Amino acid sequence: MKVILRNPRREVQVEGKRRVKELLVELDILPSTVLVIRDNELLTSDAMVGGDDVLEVRPVMSGGSGSAA
Amino acid sequence: MKCRKCGGSAALELRRHNAAFCSPHFIEFFRKQVAEAVHRHRMFSPDETILVAVSGGKDSLALWDVLIEDGYRTAGLYLDLGIFDYSVESKAKCEAFAAARGQALHVVRVADAVGAPIPGVQQATRRPTCSACGLSKRYLMNRAALEHGYAVVATGHNLDDEAATLFGSVMHWQTDALPRQSPALPSTHPKLVRRVKPLYRLSELETAAYAFLRGIDYIVDECPFAKGATSIAHKEVLNRLEEASPGAKHNFLFGFLERARPAFEKTEGAVLQECTSCGQVTTGAVCAFCKLADLVKRRMS
């Protein structure tokens, strides 16, 4: 499957099937810090992914000035 | 994973609530949390028009969306920071959002007020970018609200933002900052508008999920100056705690608001007066924003 990561934007190819939570562990990403999106739908941590899937792992963290709108 | 309410396929798991929700029930949950925040802190009433400060990011656009859906009268305020392509894209997102929903959007250019865009301010003053940016935003939000006659400004600060700010204040024992941390800051001077944070009960993951599920086109890339920012480091620490102990951020923030904050409140507040240069509210003779603008002007001349 293809996994699209952000900040910076990059793509990685991951072989085999696994659950989302296992994929995030392999990528060293905390589950609460990203949305995992497949075919315009959100996936929960127990969802199985693999094969020809294209996943976007979208970070949710923002910040900086502390007064951001 | 199943939705706690209907048993359908879940779109999002909320570990701190030990629950998962499908898309419609998560959106319902989200709106209830905003309504609870507004009610609990008497943030605004249905007969007021709310100025929503928007950045083009998930939080502020999600907030604006909820308020519109709940029938509030709103207008947007976009502060153009002049941060290269990031500002160009974020402004376009705000304009498209407002146009699609028939909402007014006020745009204020930071460069017009300070004398340079945020990158120029940083170069001229050598002051940390996020510090000058935050100061400018607070000042310009208040000024724009006064100029256009809005009594309240709503910002998209979420639970993670508030917990990270609290963490930073506690780490340095900034006891003056602690009483100012609140979901609703009242107007304590005729020239100081009320500031409210209706998303303070919702995490960053939840605001992102809401924006995604509502089809809101927001800017995903982070501000180029946020990399390495202290607030980001604090969020990362808190996220590690949250992973080990779901609800840690909620408990940290809500425990402070409910039990610790009153202990830091002073019986006598700071004496507010009008800046001799611009007329906005300050505790000194000249406000911090005018000092910043003056420094930029001198360094760039």
Taking the convex hull of the alpha-carbon atoms of region A:2-59 and averaging its shadow over every direction gives an area in square nanometres of 3.5 nm²
Computed over chain B: longest principal axis from alpha-carbon atoms vs helix B:204-213 long axis, angle to nearest 10 degrees, is 70 degrees
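How much length would be gained if the chain were fully extended between B:Glu95 and B:Arg40, taking 0.36 nm per residue of separation minus their Cα-Cα distance, in nm to one decimal? Mind showing how you got there, number by number?
On the way: separation 55, 0.36 × 55 = 19.80 nm, distance 3.13 nm.
Taking 0.36 nm per residue and subtracting the Cα distance, the gain is 16.7 nm.
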Projected convex hull area of region B:32-269, Cα atoms, direction-averaged, in nm², equals 13.2 nm²
Taking Cα pairs closer than 8 Å and at least 6 residues apart, the relative contact order of region B:253-301 in percent is 19 percent
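Apply the a/c threshold of 1.5 to the C-alpha gyration tensor of region B:45-84 and tell me whether it is rounded, prolate or oblate.
Working: a/c = 4.49, a/b = 1.96, b/c = 2.29.
Oblate.
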The convex hull of the Cα atoms of the protein assembly as shown, divided by residue count, gives a volume in Å³ per residue of 142 Å³
For region B:222-286, the percent of all C-alpha pairs falling in each 5 Å bin, from 0 up to the bin holding the max distance, is 4, 13, 11, 10, 12, 15, 17, 11, 5, 2, 0
Placing each pseudo-label 7 Å from Cα in the direction of the beta carbon, B:Asp294 and B:Lys2 end up separated by a distance in nanometres of 6.7 nm
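Please work out how much length the chain gains when fully extended from A:Glu11 to A:Asp39, using 0.36 nm per residue of separation minus the C-alpha to C-alpha distance, in nm with one decimal.
Residue separation times 0.36 nm, minus the Cα-Cα distance, leaves 8.4 nm.
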Filtering chymotrypsin sites (Phe, Trp or Tyr not before Pro) in region B:80-176 by DSSP loop and by at most 11 other Cβ atoms within 10 Å leaves B:Trp173
Among B:Ala184, B:Ala20, B:Ala53, the residue with the largest mean-square fluctuation in a Gaussian network model of chain B built from Cα contacts under 10 Å is B:Ala20
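Give me a single rounded figure for B:171-184: the average over its residues of other chain Cβ atoms within 10 Å of their Cβ. Show your work: numbers first, answer last.
Details: counts 0, 0, 0, 0, 0, 0, 0, 0, 0, 0, 0, 0, 0, 0.
Averaged over the peptide's residues, the number is 0.
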Once the in-chain neighbours fewer than 8 apart are removed, the aspartates and glutamates whose Cα is under 15 Å from B:Lys5 read B:Glu13, B:Glu28
So, relative contact order of chain B in percent, Cα under 8 Å, 6 or more apart, is 20 percent
Nearest 10, in degrees from 0 to 90: the angle of helix B:159-171 to the longest Cα principal axis of chain B is 60 degrees
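In Å³ and rounded to a whole number, note down the convex hull volume per residue for the Cα atoms of region B:1-41. Numbers along the way, then the final one.
Details: hull volume 2.5 nm³, N = 41.
It is 61 Å³ per residue.
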In a Gaussian network model of chain B with springs linking alpha carbons closer than 10 Å, the residue among B:Ala151, B:Ala37, B:Ala177 that fluctuates most is B:Ala177
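So what is the relative contact order of region B:151-230, in percent, for Cα pairs below 8 Å that sit 6 or more residues apart? Walk me through the numbers before you get to the answer.
Details: 69 pairs, mean separation 30.3, N = 80.
RCO, region B:151-230: 38 percent.
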Partner lysines whose C-alpha sits under 24 Å from that of B:Lys235, ignoring same-chain residues fewer than 8 away, are A:Lys21, B:Lys58, B:Lys137, B:Lys197, B:Lys227, B:Lys249
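None of the figures in this text is laboratory data; all of them are computed from the coordinates on show. Keep in mind the model is a prediction, meaning the values are calculated, not measured. Backbone-built Cβ (ideal geometry, glycine too); neighbour counts: all protein chains shown.
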